[in-house]
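Q: Got a structure for you, questions after.
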Amino acid sequence: MEQADFRNAMARMAAAVKVVTSDGSAGRTGFTATAVCSVTDTPPRLLVCLNGGSSSHPFVTGNGRFCVNVLPEGTEEVATGFGGALPREERFGRGSWSRTENGQWALDGAIASFDCVIAETCESGSHTIFIADVVGCRVADGGRPLIYADRVFTTTATEPENA
């Protein structure tokens, strides 16, 4: 299989855009991710995949905790800033942020934020898979998620039910 073919096929897998933040003794960082999903609800766990060569990798590993922020529509500048358009130390200048009980940074206005402590790690190819216990979460009332598909930002066509 050609890497370009695989990457083109993966671009067709639409996903909600998340900014993952991490703060602690190793320092503060954040990055844009779509490779985030639930693992189990008992106990509440999710996973985040991060390239081992990413500038954020040593911070997340060293801090042992992070916050996953599901971005709402209209936050493309936050997504691109944390996606590498801005140097790591300037990324938190986009958006309004507050601390979680776990000391992590949650985006004010995020669709949802998951406050996490890393429980397990697994290396797979170029990436580390962080499996984390969710120790708290915030959920917004209503709103539509920012979606990344075919290498562009978009959103859902209609307001989700029960919003």
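The values are calculated or read from the model by the stated rules, or taken from the named source; none is laboratory data. Owing to the predicted nature of the structure, the values given are computational and were not obtained by experimental measurement. Every residue, glycine as well, gets a Cβ built from its backbone with ideal geometry; the counts of neighbours run over all protein chains shown. Areas reflect the complete protein model, heavy atoms only, side chains present, ligands, DNA and RNA absent. Shrake-Rupley method; radii C 1.70, N 1.55, O 1.52, S 1.80 Å.
Q: Using a probe of 1.4 angstrom, how much of the accessible area of the chain is carbon and sulfur, in percent?
A: Carbon and sulfur atoms account for 51 percent of the accessible area of the chain.
Q: As a test of understanding, state the convex hull volume per residue of the chain from its alpha carbons, in Å³.
A: Residue-normalised Cα hull volume stands at 125 Å³.
Q: So, counting K/R as plus one and D/E as minus one, what does the shell of residues with Cβ under 14 Å around Val134 add up to?
A: Once positives and negatives cancel, what remains is -1.
Q: Further question: To the nearest 20 debye, what is the magnitude of the charge dipole of the chain about its Cα centre, counting +1 on the Cβ of each Lys and Arg and -1 on the Cβ of each Asp and Glu?
A: 260
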